[in-house]
1. What ranking do A:Thr397, A:Thr189 get, fewest neighbouring Cβ atoms within 10 angstrom at the top?
2. Taking beta carbons within 10 Å but only from partner chains, what does the mean come to for residues A:16-27?
3. Full-extension gain between B:Met237 and B:Ala165, please, as 0.36 nm times their residue separation minus the C-alpha to C-alpha distance.
4. When the Karplus curve 6.51 cos²θ - 1.76 cosθ + 1.60 is applied with θ = phi - 60°, which whole-Hz ³J(HN,Hα) does each residue of region A:390-399 get, with x for Gly and Pro?
5. Classify region A:22-146 as rounded, prolate or oblate, taking a ≥ b ≥ c as the square roots of the eigenvalues of its Cα gyration tensor: rounded when a/c is under 1.5, otherwise prolate if a/b is larger than b/c and oblate if not.
6. Based on alpha-carbon centroids, what's the gap between region B:89-154 and region B:1-26 in Å, whole number please?
7. Please list, in order, the residues from region B:54-98 whose amide nitrogen is less than 17 Å from a point placed 7 Å along the Cα→Cβ vector of B:Arg192.
8. Quote the relative contact order of chain B in percent (integer), defining contacts as alpha-carbon pairs under 8 Å separated by 6+ residues.
Amino acid sequence: MSGERVTRRLVTGWGSAAATSADVVRLADAVSVEAAVLDAGHRGVLARGLGRSYGDAAQNAGGMLLDMPSMPPSIMLDAAHAQVTAGAGISLDQLMRTLVPLGFFVPVTPGTRQVTVGGAIAADIHGKNHHADGTWGQHVCRFGLTLADGSHRDVTLRDDPETFWATTGGMGLTGVVTDATVDLVPVETSRMLVHTERAANLDDLMALMEQTDATYRYSVAWVDLVATGRTMGRSVLTAGDHAPPAALTGKAAADPLAFSPGELLTAPPVFPSGLLNKHTVRAFNEVWFRKAPKRRLDQVQSIGAFFHPLDGVGMWSRLYGPRGFLQYQFVIPFGAEETLRKIVERLAGSGAASFLAVLKRFGASNPGPLSFPMPGWTLTLDIPAGLSGLNELLDITDRDVADAGGRLYLAKDSRLDPSLLARMYPRLEEWRETQARLDPTGRFQSDLNRRLGLTKKVLP
Amino acid sequence: MNDAVGDPQSVLVLGATSEIAQTIVRSLVARRTRRVVLAARRTDALEGFRSEMATAGATVETLAFDADDTASHDAVIATAFARDIDVVIMAFAVLGDQATFDNDAAAAVAAVHTNMVGSVSAGLIVAKHLREQGHGTLVVLSSVAGERVRKANFVYGATKAGLDAFAQGLNDSLVGSGARVLVVRPGFVHTRMTAGMKPPPFSTGPQAVADATIRGLRTHAHTVWSPPQLRYVFSVMRHLPRPVWRRMPG
C-alpha cells in the first residue's frame, strides 16, 4: 500500500478502561481507504475518528484501524443551500470554527466538539435539541461509503434508504464513511440565550422539562446523583435558543459571530485514582447546586459554555485515574417514569461516585434500526471503572431498562450483557440482514462487535 | 472481549483439574464468561466440571493437554485460540514431596520439568497468541512458596520462584501489546493437593484465591496475594536473616 503508514499501538475508548492493540493506518486520500479495506487481515478493519466513544466501539483488537482524521482536511460550504460537505475525519470543532463566523451552526452537537463527521453518522449522535430536531443522521443528505469489496458508493436517503439507515447508527460496521453532506442551521450570532432553573427533586425536574421543551430548542438537566431522600434527583435545568443580535451588548454586539473557544488546561497524564470519591463528589455537587441560580432567564452564553463545558479541560477523562471510567447512558420510554425513579434511587443509594448525571427528554425516533434515541427520558452518568460491585449494579439496571422497553447507547456501552441486546434493539435482526448483504465476509469488525455480537459474522 | 470492568467472556484453563482454577472459572461463568476451554492431561477427569459449567450456561470445550509434552503445546493452544480467548489460566503444577525428592533426583527433575519447563513453553505460546489478538490476560498461579523458598519444600518452591520470575518478565515484555500477565500468589490453600497437610498461618481456600484473582482482573493488577496480608508478611519474611528463616516452623 502506498501513501500509508501503519503503527501497531494500544487503543482505548474515551473511558480508557479496556485497551487493546491494533494496526493504526494513516491515510493519504480516499483511494488509500479502499486499498486499506482490501488489505484488511483476518481480524478485519474499522474506521476510527477522534476516539470519543466511551467504550470499545472504535477499537479493533489485533486488526486494522483507519485513522480518519489523518486524511487531508476538506470542508466545502454551499452557503446558498445551507449545506456543508466535509471529510469523515473532520471534527465538529473544525466545522464550527469554519462555519459559525459565516453564520452557520451544525444541526446537532453532542457534549463535545471533538467528534468527527463520520463518527457522528456511525453513532447517530444526538444533542440538547433532540426533542426538536432529532439526531445527526436526520440532517445528513448523502455520504460516501467504501464497502467491504473496496467499491465506493454515494449513499442518499432517496436512492438507498436501507444502506443509509443501516449505516446511520451502524457503529462503523457497514463500511467506511469517507465524507458527508449535512444540512446546517443559519444563525445570526455565536451566542445562546439561556434559561437556567433549579429543580428540588426528580419529579419537579421532569414536570419542568416537559414545560420548557415546548418553548426551547435546546434543553438538558444536570442531576445530582449523590443526593438522596427528599432531594433525590435535585438538578439544574438549562434550556436555550440561538441568541438574536438584539440580545448582544458590548464587544459581543460588535462581532456577533465571533467564535474562538479555547482549551483552558489539560489534565496531567498521571492522575491518582480515588480522588473522585463519594466525599469529594458530594462536596462538588453541593457547591454546584448552590451556585446555580434558582431561576434565571435570558442569560447570554457562548456556544462553548452552553454546549461543551468539558471541552475546556483537555483529556478530562484522566481525572478518573489510570483504571479509567465508564459512561452509562440509557433511555426509558415515556410512561415508564416509575422505572426511571427506581433506577435513580438505586444509583443514588449505591454511592457509585458520579460527578453529575445528565437527564434529557428525547423526541421521536428515526428509521435507523440501531439508532439509539426513542421518545423517553435519557440519563447519562460517569462511573470509575474500578469500583467494586459496579458490573452487578449496572446489570440490574440493564434489566430494568430492558424490561421497561428502553435501551443502552452503543457508543457509550462497554459492558452490556450480550443476551440483552436484541431486547433493547428489537430491529437488530433486520439490521443484521442488511449488514450481512453489505459485508458478507465480515470485513468490518470492532471490539464492540466481538463483545456484543452485533453482526452475523464476528471475526475471529 | 474483556469488558470495561474487567469481566472476560472466554477463558482457557491449562491444567483444568486444578481446584483453584475450577473455582475461578465457576466465578467467571457466574458473570459474563460464556466460552470455556478446559485443557488437562486426562480429559475424562474433567467430565463432572464440564457438565457443571455447561449447566451454568457456558459452551464448554475440552482438550487433551500434557504440560510435560512441550512439543505438543503449539498445536493444543492454537486449537483453543481458533476464536479469541480473553483470559488464560495457567494452573498445572505438581507439589511433590521433599523427602521423596531428597532420595530421587529423577522425581525432582520431573517436577521441575512440569512446573517450570512446561510453564515457560505454554506461557510463551499463549503470549504469542494474546499479542496477535491484541488483548487478553494470562493468569499465572504462582505461590508464596516461591517468594522465599523453605527447606520443607525447596524443590517445589524453586519451581514457583522460577515461574514467578518468568511471569513478571513476560508481563513487562507485553506492555503496550494489549495483553498482560496477572501473577496470583496464594499462601497455603486447602485443596485435594494439600489434603492431610498441617496448614500454616494465613491458610486460605480456593474461593478466596478465586475472589482475589477476579479482583486482580478487574483492577488490572500485575500481582495479587491471597490472603492479601501475605504481601506484607512476606515483605518481612524476605528480609529475615537466613539462620532465623531456617528455624521457622513448618
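Readers should treat all values here as calculations from the given coordinates under stated rules, not as data from a laboratory. A quick note: this is a predicted structure, and the numbers were derived from the prediction, not measured. Reconstructed Cβ throughout: ideal geometry from the backbone, glycine too, with neighbour counts over all protein chains shown.
1. Details: A:Thr397 20, A:Thr189 24.
So the ranking, lowest neighbour count to highest, is A:Thr397, A:Thr189.
2. On the way: counts 1, 6, 9, 8, 9, 10, 3, 1, 0, 0, 0, 0.
Mean partner shielding for this stretch: 4.
3. Values: separation 72, 0.36 × 72 = 25.92 nm, distance 1.80 nm.
Gain on stretching B:Met237 to B:Ala165: 24.1 nm.
4. The phi angles translate into 5, 5, 5, 4, 6, 4, 5, 5, 3, 5 Hz.
5. On the way: a/c = 2.25, a/b = 1.60, b/c = 1.41.
The shape class here is prolate.
6. Answer, in whole Å: 18.
7. B:63-67, B:91-96
8. Details: 458 pairs, mean separation 46.2, N = 250.
Once divided by the residue count of chain B, the mean separation gives 18 percent.
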